[in-house]
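Worksheet: the structure to be examined is printed underneath.
The values are calculated or read from the model by the stated rules, or taken from the named source; none is laboratory data. None of the values given here were measured: they were computed from a predicted structure. Methodologically, a virtual Cβ is constructed for each residue, glycine included, from the backbone with ideal geometry; neighbour enumeration extends over all protein chains shown. Remember, those area values only see protein heavy atoms, side chains included, never the ligands or the DNA or RNA. Shrake-Rupley method; radii C 1.70, N 1.55, O 1.52, S 1.80 Å.
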Amino acid sequence: MALNLRQKQTECIIRMLNLNQPLNATGTANEEIYKILIYDKFCQNILSPLIHVKDLRKHGVTLYFLIDKDRKPVHDVPAVYFVQPSQVNVQRIVADASRSLYDSLHLNFSSSIPRPLLEDLASGTLNSESIDKILKVHDQYLEFVTLEHNLFSLAQKSCYVQLNDPSAGDREIEEIVEKVASGLFCVLATLAVVPVIRCPSGGPAEMVASVLDQKLRDHLLSKNNLFTEGGGFASSFQRPVLCIFDRNFELSVGIQHDFRYLPLVHDVLGLRLNRLSVPGEKGGMRSYELDSSDPFWVANGSLEFPEVAVEIETQLNKYKKDVDEVNRRTGGTDGAEFEGTDLIGNTKHLMNAVNSLPELTERKQVIDKHTNIATVLLGEIKERSLDSYAKKEDDMMVRGGIDRNELLGVLRGKGTKMDKLRFAIIYLICSESINPSEVEAIETSLRESEVDTCAFQYVKKMKSLNVSLASSNSASRSNIVDWAEKLYGQSISAVTAGVKNLLSSDRQLVLTRIVEALMEGRPNPDVDSYLVFDPRAPKSGSGTSGSHLKGPFKEAIVFMIGGGNYMEYGSLQEFAQRQQPVKHVIYGTTEILTGIEFVEQLTVLGQKMGLGSTVASPAPTL
């Protein structure tokens, strides 16, 4: 059985909604109990892509509230709490118990509740003589958001800024690393797998891998651990490989424009938690859900936008043809004499027509939804020349540069301030060497368009340090490395490794190429230097490989620290589907970012380093 994170997390949530009782074959509890659901904002985001209101009703949830809202007592009814283990939430739970808001409280924390908070909960309910109200306390290990079967986010904001902030101290970095490792532990606990961990040496990836490895080792020491039932798990009796990377590994993918449907919808229309709102045909805003229940979205999300437009037209014509066929069959024949056989025949066609109506109605709703989304997208594409941005950025990465006149033409042409800034940063990353006069011309052009250039200056600074690093002699080199690593948190060398590190010959993202090599498990110069952590093997020094590492792997979990995107997710899924037999890759990240959101984080870093823009304007917005 392939790893299915969405299914596993949904099963855990349904069990929680049924008071953690065993479920029967229909996926419900044997005894239906009406209950109230209380959650915080973070856990609401976990539930949102997985559980709909009708699902809550099915599992006996009659009312649901945010924990920080004022609530009235509902007697004789149990309450299921699903919240993060925080001081504020524990205080609210104690207050609810002391006021006897509900008959009993079933507490479910999204991750393991620390001992001090558990003691606060116990002492608080004891002092208010309400400890009998707390029926059960569960650590659910569900602190991540699953958006698709193979896509998850830890929903940890601004990780990239926090990890690359030059003023961040060791303690702050350690706290972030601990938080990321805890989130990954929740994912592995939900899947009930202990993977072999691979990562590049140095920087956040190694730090997270090391902390996660120790967490798994410590947990495996206990007899009744979360991985007991999945101990020998994985298809073909094999464990998955967990590949951990840092955003600086391939910076450009977080910034560039993509012309495929799913990344385009996310970047331009702001897809969030599988939902988006767009202007409707008759005015007002229309909200849509885009997830695995939408067959058109599943089938066409990875296609380029023009192909999607053609597919919408094809589906519409097919729908019209099917409607005409139903009308023809149920309409009878003009001038035909009445016969008993016709009545039977017509009744049969009528029954078939009635049965096909729900399916036809559903198809029409899907077509209308994507027609509306595509229409709004097309308006944005024309207004901002997004097709031109995507093509020129792609060409830049392949050729390693762009003609100066063409470059300045784009910066003076259509597009928002942020589009131009993203294009300029991609130019910086792609160029093998910096031409000072070209960079000056770009900065002048950006300033003329009133663009805040902090992000551009930040990437330029990193690029120039990288060049200094490459050209300096060994004596001064170590000083630059020490200073650079202190300033940028290990991120220098990965920012610009030339064209070869951006796209391989078959236009595959470098991330996908590395994951492919790690899954093969054979000697490969691209990944031979990667560290190996195996929590099930005896500890033999940090990141050393041993004979326990067996390849090839059929399943992988790829995790990007500092922000991921749908472009990488799509590339990895295409790679997995291409393999014979098909492989399985789950992609996760600290947070899913649009190109705009990621450049805003670069802007913050530029400001923190004092690389201000001459334009006295706020951070660029769309």
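Structure values in brief
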{"quantity": "Those residues of the range 286-316 which are more than 25 Å from the chain's Cα centre (by Cα) and open to solvent by 80 Å² or more (accessible area, probe 1.4 Å), in sequence order", "calculated": "310, 313"}
{"quantity": "Lone unmet requirement of (1) modelled with pLDDT of 95 or more; (2) closer than 22 Å to residue 537 by Cβ; (3) not hydrophobic (A, V, I, L, M, F, W, C) for residue 178", "calculated": "(2)"}
{"quantity": "First in the range 444-465 and without any contact (Cβ under 8 Å) to a residue 24 or more places away in the chain, second anywhere and open to solvent by 50 Å² or more (accessible area, probe 1.4 Å) and in a helix (DSSP H, G or I), Cβ under 7 Å, 6 or more apart", "calculated": "none"}
{"quantity": "Identity of the residue in the range 326-364, among the charged types (D, E, K, R) and farther than 19 Å from residue 296 by Cα, that ends up modelled with the lowest pLDDT", "calculated": "337"}
{"quantity": "Residue ID - nearest to residue 40 (Cα to Cα), chosen from residues in the range 82-95 that are in contact with a strand residue (DSSP E or B) (Cβ under 7 Å, 6 or more places away or on another chain) and outside any loop (DSSP other than H, G, I, E, B)", "calculated": "83"}
{"quantity": "Subset of the range 104-128 [free of Cβ contacts under 8 Å to residues at least 24 places away in the same chain and of a type outside the set (Gly, Ala, Ser)]", "calculated": "115, 116, 118, 119, 126, 127"}
{"quantity": "Filtered residue count, the range 14-45, keeping only those that are in contact (Cβ under 8 Å) with a residue 24 or more places away in the chain and in a helix (DSSP H, G or I)", "calculated": "7"}
{"quantity": "Pick from the range 23-42, criterion open to solvent by 70 Å² or more (accessible area, probe 1.4 Å) and in contact with a strand residue (DSSP E or B) (Cβ under 8 Å, 6 or more places away or on another chain), ranking: modelled with the highest pLDDT", "calculated": "41"}
{"quantity": "Cβ pairs under 8 Å, 6+ apart, first in the range 254-274 and in contact (Cβ under 8 Å) with a residue 40 or more places away in the chain and under 19 Å from residue 48 (Cβ atoms), second crowded, with 21+ Cβ neighbours inside 10 Å and among the polar types (S, T, N, Q)", "calculated": "266/565; 266/594; 270/594"}
{"quantity": "Residue tally, condition assigned to a loop (DSSP other than H, G, I, E, B) and surrounded by fewer than 22 Cβ atoms within 10 Å (Cβ to Cβ), over the range 592-611", "calculated": "3"}
{"quantity": "Selection within the range 389-410 - without any contact (Cβ under 8 Å) to a residue 60 or more places away in the chain, crowded, with 19+ Cβ neighbours inside 10 Å and either not in a helix (DSSP H, G or I) or not hydrophobic (A, V, I, L, M, F, W, C) (or both)", "calculated": "392, 402"}
{"quantity": "Qualifying residues in the range 510-555 (those that are open to solvent by 40 Å² or more (accessible area, probe 1.4 Å) and in a helix (DSSP H, G or I)) - the one modelled with the lowest pLDDT", "calculated": "520"}
{"quantity": "Given (1) open to solvent by less than 40 Å² (accessible area, probe 1.4 Å); (2) over 25 Å from residue 5 (Cβ atoms); (3) in a helix (DSSP H, G or I), number of the condition residue 79 does not satisfy", "calculated": "(3)"}
{"quantity": "Where residue 323 falls short, out of the listed (1) more than 28 Å from the chain's Cα centre (by Cα); (2) exposed (fewer than 12 other Cβ atoms within 10 Å of the Cβ); (3) modelled with pLDDT of 75 or more", "calculated": "(2)"}
{"quantity": "Some residue of the range 358-370 being within 26 Å of the chain's Cα centre (by Cα) and basic (Lys, Arg)", "calculated": "yes"}
{"quantity": "Residues being surrounded by 18 or more Cβ atoms within 10 Å (Cβ to Cβ) and in a loop (DSSP other than H, G, I, E, B) - total across the range 46-74", "calculated": "7"}
{"quantity": "Within the range 105-130, tally of residues that are of a type in the set (D, E, K, R), over 32 Å from the mean Cα position of the chain (by Cα) and not in a loop (DSSP other than H, G, I, E, B)", "calculated": "2"}
{"quantity": "Qualifying positions in the range 560-589 - open to solvent by 10 Å² or more (accessible area, probe 1.4 Å), in contact with a strand residue (DSSP E or B) (Cβ under 9 Å, 6 or more places away or on another chain) and outside any helix (DSSP H, G or I)", "calculated": "565, 583, 584"}
{"quantity": "In the range 427-451, residue most open to solvent (accessible area, probe 1.4 Å) [restricted to those that are more than 17 Å from residue 464 (Cβ to Cβ) and under 33 Å from the mean Cα position of the chain (by Cα)]", "calculated": "450"}
{"quantity": "Residues that are in contact with a Lys or Arg (Cβ under 7 Å, 6 or more places away or on another chain) and not acidic (Asp, Glu), drawn from the range 126-161", "calculated": "146, 149, 156, 160"}
{"quantity": "Filter result for residue 283 (open to solvent by less than 70 Å² (accessible area, probe 1.4 Å) and modelled with pLDDT under 90)", "calculated": "yes"}
{"quantity": "Filter result (at pLDDT 80 or above, hydrophobic (A, V, I, L, M, F, W, C) and not in a strand (DSSP E or B)) within the range 223-262", "calculated": "226, 227, 249, 251, 253, 255, 259, 262"}
